Amino acid sequence: MSVEYPFTVATFYKFITEKKLKAAKCDNCGSVLLPPKPMCTTCFSVNLKWIDVNNTGKLLSYTVIHVAPEQFQSMVPYIVGIIEFDGGLRLPGIIKDVTSEQIEIGMKLKIDFDETTSDNWPKWNRYFFRLA
Ligand SMILES: [Zn+2]
């Protein structure tokens, strides 16, 4: 186990700030946890390691958001979707550069990283998805 990089969402965002998409892989049963958790949800092992996740995937489902929380209000309308990466890992996120007319289930998307941090705590950089 790494003390520097505990298997938490905070460490996940630390890697996002470094423009890396990483998941926790269980050394015992091979399950991959995204977002990471400190214990394997399949076999309850804590014998985990960080692995890189392929940055591209396809759109599984999406919703067009018209009424948003205050910090996202300036982006309305925007699209939130669930992306399935190669290997079957799934992650929800905001999809940019795609309009509600263009969006299509199964379209190829990739993860990208925001340079700006939020004014709100926690000050983590964010990821989003765009056309691959
Ligand atoms: Zn396991």
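The table below gives the values:
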| quantity | calculated |
| --- | --- |
| Cα-based convex hull, segment 1-65, per residue volume (Å³, whole number) | 118 Å³ |
| Simple spin-label estimate for M39 and H66 in nanometres, 7 Å along Cα-Cβ | 4.4 nm |
| Calculated log₁₀ intensity ratio I(q)/I(0) where the Debye formula runs over C-alpha points of the chain, q = 0.21 Å⁻¹ | -1.25 |
| DSSP beta bridges in the chain [antiparallel fraction, %, rounded to 5] | 95 percent |
| Projected label distance in nm at M75 and T17, using a 7 Å step from Cα toward the beta-carbon | 1.9 nm |
| For N125, distant residues with modelled amide H under 5 Å away | T17 |
| Full-stretch length increase - N28, I82 - with 0.36 nm per residue and alpha-carbon distance subtracted | 16.7 nm |
| All lysines inside 22 Å of K108 as judged from Cα atoms, apart from same-chain residues fewer than 8 positions distant | K19, K20, K22, K58, K96 |
| Carbon and sulfur %, accessible surface of segment 1-64 computed with the full protein complex present, 1.4 Å | 55 percent |
| Inter-label distance for K108 and A10, nm, one decimal - labels placed 7 Å from Cα along Cα-to-Cβ | 3.8 nm |
| Which of I82, I16 is most accessible, then next, and so on - probe 1.4 Å | I82, I16 |
| In range of the label at A132: residues from segment 55-70 whose backbone nitrogen is under 20 Å from the point 7 Å along Cα→Cβ | 55-63 |
| Average accessible surface area per residue within the chain, 1.4 Å rolling probe, Å² | 59 Å² |
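The values are calculated or read from the model by the stated rules, or taken from the named source; none is laboratory data. This structure is a prediction, so every number in the text was calculated from the model and none was measured. All Cβ positions, even for glycine, are placed from backbone atoms using ideal geometry, and neighbour counts span all protein chains on display. Ligands, DNA and RNA are stripped out before the accessible areas are found, and what is left, the full protein with its side chains, is counted by its heavy atoms. Shrake-Rupley method; radii C 1.70, N 1.55, O 1.52, S 1.80 Å.
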